[in-house]
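Right, one structure below, let's go through it.
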Amino acid sequence: MSLDQEAKKVLLRKIPHGLFICGVREGDDVNGFTASWVTQGSFDPPLVVMAVRSEGSSHGIIERTKLFSLNFLRSDQKDLAAIFFKPQTALGGRFEAAPFTFGPLGMPLIDDALGGVECELMGQVSKGDHTVFVAEVKTATLHNDGDALNLASTGWNYGG
Ligand SMILES: Cc1cc2nc3c(=O)[nH]c(=O)nc-3n(C[C@H](O)[C@H](O)[C@H](O)COP(=O)(O)O)c2cc1C
């Protein structure tokens, strides 16, 4: 039986998503990108699951360094999320719009965000055009609690 492509798209786009800035670092190179395919995967240990486009610049950095941060954006930070999925002239250039501090594990944590977690890679599944990374939350920094940005509120789609 063949897959109904339109039904698949309509249904998969109904999966609710947050919107995050994933930060990576390899030596002096720092980069960040908008990620929506993120969810929690375990309470104990605290695991997160994130799918990353295999051809993106950050993918190889995560594989090699086994570390990344997830920055939690406020509900009014759609413009910042837009900067972090657009092409950039140089790796990490998007961070000119978002001052950050390195967290305890050396990952970029955006100063003007709800907060951020630093995660250590535990495993991965590389089957399709995205790799599913499973990582343990090692540090958590809360700047200001509040409502988080979610994909539905932006009118954008990433999925289907
Ligand atoms: C709304 C939205 C959500 C996105 N979610 C993801 C995601 O979950 N994983 C991913 O790898 N890319 C996602 N992207 C695409 C990346 O942000 C984009 O490919 C970015 O340029 C990758 O940056 P890099 O090549 O510097 O790593 C999303 C894009 C948009 C517009």
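The values are calculated or read from the model by the stated rules, or taken from the named source; none is laboratory data. Keep in mind the model is a prediction, meaning the values are calculated, not measured. So basically every Cβ, Gly included, is an ideal-geometry build from the backbone, and we count neighbours across all protein chains shown. These accessible areas exclude ligands, DNA and RNA; they are computed on the full protein's heavy atoms, side chains included. Shrake-Rupley method; radii C 1.70, N 1.55, O 1.52, S 1.80 Å.
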Output the number of residues of the range 76-110 satisfying the condition of being within 15 Å of the ligand (Cβ to nearest atom) and either assigned to a loop (DSSP other than H, G, I, E, B) or more than 15 Å from Val30 (Cα to Cα) (or both).
18
Across the range 1-33, what is the number of residues that are β-branched (Val, Ile, Thr) and buried (at least 19 other Cβ atoms within 10 Å of the Cβ)?
3
Suppose we filter the range 52-64 for residues that are touching a residue at least 24 places away in the same chain (Cβ under 8 Å) and either surrounded by fewer than 18 Cβ atoms within 10 Å (Cβ to Cβ) or assigned to a loop (DSSP other than H, G, I, E, B) (or both); how many remain?
6
Criterion first (farther than 19 Å from Asn144 by Cβ, of a type in the set (A, V, I, L, M, F, W, C) and either within 17 Å of the chain's Cα centre (by Cα) or open to solvent by 20 Å² or more (accessible area, probe 1.4 Å) (or both)) does Ala82 satisfy it?
yes
Which of the residues belonging to the range 146-160 are open to solvent by less than 80 Å² (accessible area, probe 1.4 Å) and either under 30 Å from Arg64 (Cα atoms) or assigned to a strand (DSSP E or B) (or both)?
Ala148, Leu149, Asn150, Leu151, Gly159, Gly160
Tally, over the range 119-145, of residues that are out of contact with any Gly (no Cβ under 6 Å at 6 or more places or on another chain) and open to solvent by 40 Å² or more (accessible area, probe 1.4 Å):
13
